[in-house]
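The next block holds one structure in the form of structure tokens; read it before the comments.
Read-outs: derived from the displayed coordinates by stated rules, not from any lab. This is a predicted model, so every value here is computed, not measured. No Cβ is skipped: glycine too gets one built from the backbone with ideal geometry, and neighbour counts run over all protein chains shown.
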């Protein structure tokens, strides 16, 4: 199944061929420095963020506008007042009436899936609760491919909140489409990877191990994916204070790292990565953010079934 | 008087010829599936919503963008802080300096009219307090014409808050430009149609009757227009609880309805229509919402005096 | 140094030639009534207003859109939540990844300068705390030139809060690039012009005098620049009440004014100018607001290095 006219709800809806088709087109856009195509003129994206997100929203809007399309935006107070008022179903029907594609973020799990069942236009999940963030996973794996040459055969560490962070979970599910050599899951014990994701890794034949201390395996990693740990997840603030230091990536933690280790982070980051690392060769997260627009441009082109003349 | 360069403040500013010109162009846009015209390139709409409204705002913005124009948006917090600060007149002058057309929603009655007196650019009233909502009435009557073939000769029911709902009042005023066979006004007694509207119906020679119970006349209706009843309108919450059931449209209320009855609602709806009806042949409100964009596209084309090559 | 690819942080970064180049292009856009150029197609402006400002934001967005470019907007709640969360530096990196030019307003002084150091794309300061508002100063001086024929040789009064108002300070700094005959600085004694600005005037050889009472010199003025005086600046509200009357421009204050005096105000105005003056020949502030778009269009064209065929 190609991307044409398709919803993007969970990363598990896509196979390796889909990833490769998307990444090939993204590479072309990057290599030919295409920042401006008049190819989606008159097409409207509804950008509906019931939960705020500047990064995902602005990069989708930029992608659509760089392709010549336009955007209607529902965000902030208005989105909140809708949440309190009319049914979500009616809101989706409205957005579907007006637009050719819908990007939706919502704090409820399954919101994007429900929207996709209602809408005729394709629906892209821009994050639903703690569940999925498929386009972030496309960007994450594209970044690995671009910087490491291949996604296969590498040793990955995924650090932080593996229970609630949708980005980390979508990243792990995405890796099952490839052949990672090994994945280390590093988290405080109360934030261990959730069972659906663990089961999916097992079922997919992925080799993985769970750790609580990154220093034990840092020397093995080719890629380190970091997510935030939120204090609110800990019933006891004292527990949080105990572990927080171990989940902050610093120069000292990296002293045994491979020289070509790449650190990814979906951003925004707070203090989980020492800003001193921002300018080092390890930091891949700003490049990763930069790839957000071309990956989303490629995705829109494939969903609209429009082939640019590159 | 044609639409060219004209303000749209009250539906009573327009005659039957205006309605027909607008509806003919809308039909053409729909029949030729025109979703994209490059005809208003470089034109700017100021979309100024001092009172939130996603539906009216987003459909106007979509219409403008589908015609190749662009939009500057003033909404939410910013609009509120303006309300508290500089004079409304200065704000309108600003919007007028920047844009080629202004769409304005405001909680004060007469706000759009005042704006039109100040601005050189045409001003479209997107709703002013409880008073007018002319473009909604254009959409409502277009929906009747499209689904019933004609606006004349039909029996209409208008149900709900007929005192404060600007949509219901603009719908009634719009009907005076046509020859409805009869209009039933159905509301709780404290929300009976306001006197200006009643007087206008009388003056226009419209046959109408007032009821409090829809079941008495449901079998006669060709079109039922429903609006929300707000609890806050009732001085005593007990009074509200007494009547609310009678103003909720359900399968049981419809059991004596004509098979080709069409139910309209300006949306958003809360619980005044049983969602079970959404998928029935009676429900015309999602089509009505869908017509919001093409009717507004046609309106913009006529005001800008641009004839598309259809 | 030309404007090409350049940041616009402080008005003192620009010399007389820059002003003249900008003003010449603006004159051309106005004289040829250019409201629509397809010349920046595919270019994206990030419009990031961490402090609300409808006038600056909407006129920049209008300018960009009239040139065929497009805009991504970060404003209101979202901007505020960013302020509380990720580092300003990371936010700027994000905006820089997505866009070709960044317009930024922030309540912290130096925010735009910091952004310019981080971003590869040009950064335009849309106001940073009490410090600078360079594009407003371009508009102000363009207005003088357009309405008086020349900026040189005139007598200027600058009235109001000269300590904290960034607009008044940027206006004064801008005047140092020309040869004003004299500048009268008129303010309550606790809001006298700040020392950096006074020093800069001295260093630039500008003739100026400080007054607390405008009536003493009103008859000499060719241009009167008015800014708001905020009650919050006065430690004692009684002090504020004492002076406020003297800083409100009224017909009576103007009775000895030159017939061709022009009053400027960066807007929004509250009650510092009697609205009765709005329709008089003195009032230049609505024209000044109107020039906001063409001056900013010219600025964008020069920064992007795109020469329109005029």
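One table, with the values for the structure above:
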| item | result |
| --- | --- |
| Helix A:292-304 vs. chain A, principal-axis angle (Cα, 0 to 90°, nearest 10) | 40 degrees |
| The protein assembly as shown shape via C-alpha gyration tensor axes, a/c threshold 1.5 | oblate |
| 10 Å Cβ neighbours from other chains, averaged over peptide B:15-27 | 0 |
| DSSP bridge orientation in the protein assembly as shown - percent antiparallel, rounded to nearest 5 | 5 percent |
| Mean ellipticity per residue at 222 nm, deg cm²/dmol - from DSSP H runs of n ≥ 4 across the protein assembly as shown, formula -39500 (n - 2.57) | -11500 deg cm²/dmol |
| Using a 7 Å Cα-to-Cβ projection, residue C:189 label spacings across copies, nm, ascending | 7.2, 7.2 |
| Part-to-part distance (alpha-carbon centres) for region C:237-310 and region B:18-80, which is given in Å | 32 Å |
| Shielding of A:66-76 by partner chains, average beta-carbon count, 10 Å | 6 |
| Whole-number percent relative contact order across region A:134-289, with pairs defined as alpha carbons under 8 Å at least 6 apart | 24 percent |
| Acute angle (nearest 10 degrees) that the helix A:54-66 long axis makes with the longest principal axis of chain A, alpha-carbon atoms | 50 degrees |
| Exam field: residue C:17 pseudo-label spacings to other copies (7 Å along Cα-Cβ), nanometres | 6.2, 6.2 |
| Degrees between helix C:134-148 axis and first principal axis of chain C (Cα, 0 to 90, nearest 10) | 60 degrees |
| Of B:24, B:38, B:128, the one that fluctuates the most in a GNM where chain B has Cα springs shorter than 10 Å | B:38 |
| Spin-label pair residue C:21/residue B:28, simplified geometry with 7 Å Cα→Cβ offset, distance in nm | 4.8 nm |
| Least to most buried among B:144, B:34 (fewest other Cβ within 10 Å first) | B:34, B:144 |
| 10 Å Cβ neighbours from other chains, averaged over peptide B:202-215 | 0 |
| Three-way shape label, region A:183-310, alpha-carbon gyration tensor, a/c 1.5 | prolate |
| Beta bridge orientation in region A:1-146: antiparallel %, DSSP, nearest 5 | 5 percent |
| For chain C: relative contact order, % (alpha-carbon pairs under 8 angstrom, 6 or more apart) | 20 percent |
| Nearest residue to the symmetry axis between B and A, taken on chain B by its Cβ, in whole Å | B:76, 3 |
| Label geometry 7 Å along the beta-carbon vector: residue C:211 inter-copy distances in nm | 7.6, 7.6 |
| DSSP bridge pairs, chain C: antiparallel proportion in percent, nearest 5 | 5 percent |
| Most mobile listed residue (A:299, A:185, A:58) in chain A, GNM with C-alpha springs under 10 Å | A:58 |
| Residues B:166, A:66, C:233, sorted so that the one with the fewest Cβ neighbours within 10 Å comes first | C:233, B:166, A:66 |
| Most mobile listed residue (B:25, B:159, B:114) in chain B, GNM with C-alpha springs under 10 Å | B:114 |
| Fewest-first sequence of B:73, B:215, C:167 by Cβ atoms within 10 Å of each Cβ | B:215, B:73, C:167 |
